[in-house]
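Each value in this text was obtained by applying a stated rule to the coordinates, not by laboratory testing. The structure presented is a predicted model; accordingly, all values stated were derived computationally and were not measured. FYI the Cβ positions are ideal-geometry reconstructions off the backbone, even for glycines, and counts take in every protein chain you see.
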Amino acid sequence: MPEREDTRPIKVEVRNLTKRFGDLLVLDDMSFNIRKGEFVCVVGPTGCGKTTFLNCLTRIHMPSEGDLYIDGVPADPRKHNISFVFQEPSALPWLTVEDNLAYGLKIKRIPKAEIDRRVNQILDLMGLQEFRKAYPGELSVSAEQRIIIGRSFAMQPDLLLMDEPYGQMDVKMRFYLEDEVIRLWKELGSTVVFITHNIEAVSYTHLTLPT
């Protein structure tokens, strides 16, 4: 059977993206599209330019040549609803689990009723209800990472960028969190760009995604 054409709108457009640091060529004339609602894995060895691509997309670095567009306009984190999950733990240790999840929503001045609704939704989806009053330091590494992932999804980002979010975890816990992320993605419908050097993670994610 012929492949069904994907008619979803383009979320991210990469046009002839090149990035150099002095004489070091990191990204070389890259062009591709990511459609709205896709879960895209970018895989490659450490140092191949995966994080540099995300840094160009979020304007931490500016491209040497070419450009990136989100929803048809030049990428600008001040204009787009983007959330970033890093490899390093970044839960705020002085806030409880529920306050960590609500932190970004309060900064954006979301109404309290909506904050409560989103926080409770994420607590349910991530299996964190029983820990809502706990502090990150009282939890396991995997539970803390669930806070970080949940906090990003609570923002209901149009575009979620994940840079090696399971790098410090064993295989069993990594697969568990991958299941959680895919479940959140299906539930909330964000576009996800997932960076990893681990081909097993990509294979597992691909098998878990809907066809």
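Here are some notes:
- Across the alpha-carbon set of the chain, the Rg to Rh ratio works out to 0.97, Rh being the Kirkwood radius.
- Euclidean distance of C-alpha centroids, the range 3-23 and the range 47-109, integer Å: 17 Å
- Loop-located trypsin sites (Lys or Arg not before Pro) in the range 60-125, at most 10 other Cβ atoms within 10 Å (DSSP): R78, K108, R109
- Unsatisfied cross-links (Cα-Cα over 21 Å) in the set K11/K79; K36/K79; K79/K112: K79/K112
- Rounded D (µm²/s) - the range 58-162, Kirkwood Rh over Cα pairs, Stokes-Einstein at 37 °C, 0.692 mPa s: 222 µm²/s
- From the largest down, the range 20-109 spans 45, 30, 25 angstrom on the principal axes of its Cα atoms.
- Furthest towards positive pole of dipole, L57, I82, P165, structure part the chain, Cβ charges: I82
- For the chain, the 222 nm mean residue ellipticity estimated from helices alone, with every DSSP H stretch of n ≥ 4 adding -39500 (n - 2.57) and the total spread over all residues, rounds to -11000 deg cm²/dmol.
- Put a dot 7 Å past the Cα of I60, heading toward its Cβ, do the same for R35, and the two dots end up 3.0 nm apart.
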